[in-house]
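Notes to accompany the following structure.
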Amino acid sequence: MDTRPKKVAIVHDWLVGGGAERVVFALHQMYPEAPIYTSYCPPEWRQRMDGKVITGWLQHFGKIRKFIPFLRIWWFTHLDLDGYDLVISSSGAEAKGIKVHEGTKHINYCHAPTHYYWSRYDEYLKHPGFGVFDPIARVGLKLLVGPLRKWDYVAAQRPNAIAANSTYTKQAIKKYYDRDAKVIFPPIDIERFKAAAGGTRHGFVIGGRQTPYKRVDLAVRACAKLNLPLTVIGNGPDHKRLKTMAGPSITFKTGLNDTQVAEEFKKAEAFIFPNVDDFGVVAVEALSAGTPVIAFKAGGAFDYVKPGKTGLFFNEQTVESLCQALEGFPGYHFSHDEIAKSAEQFSTQEFKARFNAFVKVQNRS
C-alpha cells in the first residue's frame, strides 16, 4: 500500500529567519513542490524557498502584523486548503489553527504553545514590544488573553497529530493543550560547525539575539565579576544595556558571518546558555563545534546537556549560581570529539528521516 501523500501544503506563521524557519526550509527540501502559505515573507526567504511562498493581504502590514493576532487568526482559518492529501503546519502561534477538508491529514510541528498566551505571558506584559505604546498593549493583552487562550486551545485540537521540537515542548503541549506529541528534534546544520577552524580553546562564548528573556546579562555579569574572558556574539535591543554592565574581560562582536560564528564557538572553552528555551538551536550548534554547554537547568537543554559529558547545569537563574558553575568548570575534562558526536542526532538528515517516518505512520492511521 502506497502511504506517501500525493499533494502536500506547508503552512507557517511568518518567515523572518530563525530556528522555526529552518524547519520550514527542511520541509521544503522534503516536499519541493509544496506551496508554503504564510502571513509574511521578505524577498530573501521567497528566493530561498524557490518561489513557493504564498502570502495574502497581511503581507502589506509589515512588522505591524506581529501585534494583530485576531487578523492572523482570521487569515489562517480562512485559507482554502482544498485538494491536499497532507497539510503540515509549522507553528508557535496561529498557523496550527487552519481548517482542512475531510480526508486531508493535518500534521502540526509545534515549536511551542503560543508564548504570549501561556508560558511567557508575564514576560510579554513586562516587555510587550510596542515602545511608547507599551501601556496600551498591556491593557489590551490583559483584556484579550482570555478569549485568545480559548481560541488557541481549540486550534490545537485541529491537527490529526502533533510533533514537538523537544521534550520540554512536548510537556508544555500536554499541559496547555491536553494533547500528546512525538518529539522530533529540529534540523541543525552541524557540518558547518564541525568544519570550523580549531586551535587553542580559551574563554567563554555566548550568542544569539540580545533580548531581555535570553538573559545574556547573567553571562556578562558573572564573567565580569570573575574577570573571565567572554565573547558576546550578536545584537539586539539589549545590546547597549549589556555593554554598560560589561567589564574589561568582555568582548562584543556583531555582524559576524556564519563561518566566523562557527570559529568563535570552536575556540571557546564553553558556551553559556542562561535562558529557558523551548529547544535552543544555538546551544546545539556549540555542541556541534565540540564545545561544552553551561546551561540553566530548565527547558530544552535537558535533551542535549548531559552533566560531565556535554556540559554542566546551573540551578538558579542568578549571577551567583552561574558563577559557581563557572568556577567549577576547570574541574571537568570534556572530550570535544565526543561532544561533537553527540550533536549528530540533531542533524538535518536525522530530522528528515524522523519526520518522514512520522508522516508514514499518520498516513496509515
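The values are calculated or read from the model by the stated rules, or taken from the named source; none is laboratory data. Just so it is clear, the model here is predicted, and its values are computed rather than measured. Neighbour counts run over all protein chains shown; Cβ positions are idealised from the backbone, glycine included.
Of these, 350, 344, 327, which one is among the charged types (D, E, K, R), under 18 Å from residue 287 (Cβ atoms), surrounded by fewer than 16 Cβ atoms within 10 Å (Cβ to Cβ) and touching a residue at least 12 places away in the same chain (Cβ under 8 Å)? Let's see the steps before the verdict.
Values: 350 fails: surrounded by fewer than 16 Cβ atoms within 10 Å (Cβ to Cβ); 327 fails: under 18 Å from residue 287 (Cβ atoms).
Result of the check over 350, 344, 327: 344.
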Checklist outcome for this item: Of the residues in the range 235-244, those that are at pLDDT 95 or above and within 14 Å of residue 274 (Cβ to Cβ) come to 242
Checklist entry - Can you name the condition, by its number, that residue 52 falls short on among (1) modelled with pLDDT under 95; (2) closer than 27 Å to residue 360 by Cα; (3) surrounded by fewer than 22 Cβ atoms within 10 Å (Cβ to Cβ)? => result (1)
Next on the checklist: For the range 71-128, which positions are modelled with pLDDT of 95 or more, assigned to a helix (DSSP H, G or I) and not hydrophobic (A, V, I, L, M, F, W, C)?
Outcome noted: 77, 96, 97
Checklist entry - Looking at 154, 183, which is the one that is within 30 Å of residue 337 (Cβ to Cβ), in the same structural domain as residue 106 (by TED's automatic domain parsing), surrounded by fewer than 21 Cβ atoms within 10 Å (Cβ to Cβ) and of a type outside the set (Asp, Glu)? => result 183
Checklist entry - How many of the residues in the range 212-228 are surrounded by fewer than 21 Cβ atoms within 10 Å (Cβ to Cβ) and either small (Gly, Ala, Ser) or without any contact (Cβ under 8 Å) to a residue 40 or more places away in the chain (or both)? => result 3
Next on the checklist: Need the failing condition index for residue 288 against (1) farther than 27 Å from residue 351 by Cα; (2) in contact with a helix residue (DSSP H, G or I) (Cβ under 8 Å, 6 or more places away or on another chain); (3) hydroxyl-bearing (Ser, Thr, Tyr), just the number.
Outcome noted: (1)
Checklist entry - Which condition breaks for residue 333 when tested against (1) touching a residue at least 12 places away in the same chain (Cβ under 8 Å); (2) in a loop (DSSP other than H, G, I, E, B)? => result (1)
